[in-house]
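The values are calculated or read from the model by the stated rules, or taken from the named source; none is laboratory data. Every value quoted in this text rests on a predicted model; they were computed, and no experiment measured them. Cβ placement follows ideal geometry from the backbone for every residue including glycine, while neighbour counts extend to all protein chains displayed.
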């Protein structure tokens with residue numbers, strides 16, 4: 001569990017700058033954009049500095065702050081600090097390296113689990129999971145997250161729901177596409193035209209601050225002997241967080257999609273398709289009255305699931321009862337995303353939505369036009385919290401300034 005710094009939200013900072021790696025000690029000045037900001041800020045260390053060396057950040061009193069190397073080829077450090085304006089810290093080689101990893105990654109039976117001690121945060125599928133009895137075998141898939149948890153060990157995603165067995169946890173797939181002059185649907189697995197699958201695990205990382213991984217996925221055309229159409233890379237980091245007395249989980253997911261050959265993929269205009277989430281089976285309802293549905297939708301524009309459909313909000317939140325307790329999830333898109341703020345498809349009765357830039361027109365994914373998308377996912381108990389989401393959006397879009405000397 002992270003230390004509690006009163007009611008001020010803490011900052012997660014990935015530190016770098018013009019570090020001279022000939023020196024061992026550096027002064028870091030942090031200027032937050034707002035008084036309650038915190039967010040992972042990705043700033044790579046310069047070439048020649050070993051991020052995997054044991055580093056520590058200390059304040060003027062010598063109090064050590066948790067530090068952890070980040071994911072990816074570009075060396076970087078993640079550090080947790082309070083958002084004091086103009087605060088100065090010392091970055092130095094660790095005197096007594098901390099070997100504890102309360103956040104850890106483990107893999108077993110085709111499932112990569114990110115956990116805090118004995119409490120799972122999420123599970124990513126490196127091997128195809130098996131549909132339950134009654135669901136056809138061709139719905140089996142990998143390369144998705146399920147379960148995604150809420151603090152208290154409650155899953156807020158579903159896998160192979162009977163009404164839409166192609167919707168699995170957190171996933172990314174396009175629906176209406178054209179490849180090599182024919183239709184490919186990577187979303188609706190029942191058509192057996194296309195699918196998305198895990199290819200390989202690039203790296204995983206355990207530590208004091210987060211558990212995370214980088215994985216490669218493939219978008220496959222099943223109509224042409226399994227031709228790979230897109231190569232995709234996911235970078236995922238999961239952080240347990242504290243806001244006052246309430247714990248929540250924060251997951252950052254970055255997707256990079258690029259054509260696997262010289263043939264581009266045309267994503268056609270359509271009313272859904274993209275980065276999707278499928279909610280708990282406890283939120284299914286037979287009622288056609290959206291007021292009687294098993295969960296409530298809320299967007300940053302304060303619209304419900306009906307009025308919010310195909311709008312372009314900063315975030316979407318969904319709340320419902322799981323195991324007798326109110327639980328919520330909110331997902332934000334990053335301003336760097338294609339067509340930000342992206343349109344969203346909010347289902348009128350099912351616990352599902354997706355960010356769908358294809359709603360406002362087609363586009364191409366090719367070697368010359370790759371697609372990078374970033375999403376932040378927050379889960380917590382209790383009702384939707386627009387004030388918290390607003391702070392998180394500001395922290396993500398206006399990160400602190402970091403100077404290293």
field: Per-region count, the stretch 221-235, residues buried (at least 19 other Cβ atoms within 10 Å of the Cβ) and either under 22 Å from residue 72 (Cα atoms) or without any contact (Cβ under 8 Å) to a residue 40 or more places away in the chain (or both)
entry: 4
message: If the requirement is being assigned by TED's automatic domain parsing to the domain that holds residue 246 and at pLDDT 95 or above, which of these qualifies: 349, 390, 287, 366?
response: 366
- line: Checked pairs for the stretch 240-258, first part of a strand (DSSP E or B), second surrounded by fewer than 16 Cβ atoms within 10 Å (Cβ to Cβ) and at pLDDT 95 or above, C-beta under 6 Å and 6 or more apart or across chains, list as 256/372; 258/370
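Residues checked against (1) part of a strand (DSSP E or B); (2) without any contact (Cβ under 8 Å) to a residue 24 or more places away in the chain:
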{"site": "106", "(1), (2)": "yes, yes"}
{"site": "127", "(1), (2)": "no, no"}
{"site": "134", "(1), (2)": "no, no"}
{"site": "138", "(1), (2)": "no, no"}
{"site": "157", "(1), (2)": "no, no"}
{"site": "178", "(1), (2)": "yes, no"}
Residue that is more than 20 Å from residue 298 (Cα to Cα), modelled with pLDDT of 95 or more, in a strand (DSSP E or B) and assigned by TED's automatic domain parsing to the domain that holds residue 166, where the choices are 379, 372: 372
- request: Give me a count of the residues in the stretch 219-239 that are modelled with pLDDT of 95 or more and not in a strand (DSSP E or B).
  value: 1
field: Any chance residue 335 is outside any strand (DSSP E or B), modelled with pLDDT of 95 or more, assigned by TED's automatic domain parsing to the domain that holds residue 272 and touching a helix residue (DSSP H, G or I) at 6+ places or on another chain (Cβ under 6 Å)
entry: yes
field: Pairs where the first residue, in the stretch 378-405, is on the phi > 0 side of the Ramachandran plot and the second is surrounded by fewer than 20 Cβ atoms within 10 Å (Cβ to Cβ) and part of a strand (DSSP E or B), C-beta under 6 Å, 6+ apart
entry: 382/326
- prompt: Just wondering, is there one or more residues in the stretch 112-128 that are over 30 Å from residue 364 (Cβ atoms) and either touching a helix residue (DSSP H, G or I) at 6+ places or on another chain (Cβ under 9 Å) or at pLDDT below 95 (or both)?
  reply: yes
field: Hits in the stretch 180-192 (condition: over 27 Å from the mean Cα position of the chain (by Cα) and in a loop (DSSP other than H, G, I, E, B))
entry: 180, 181, 192
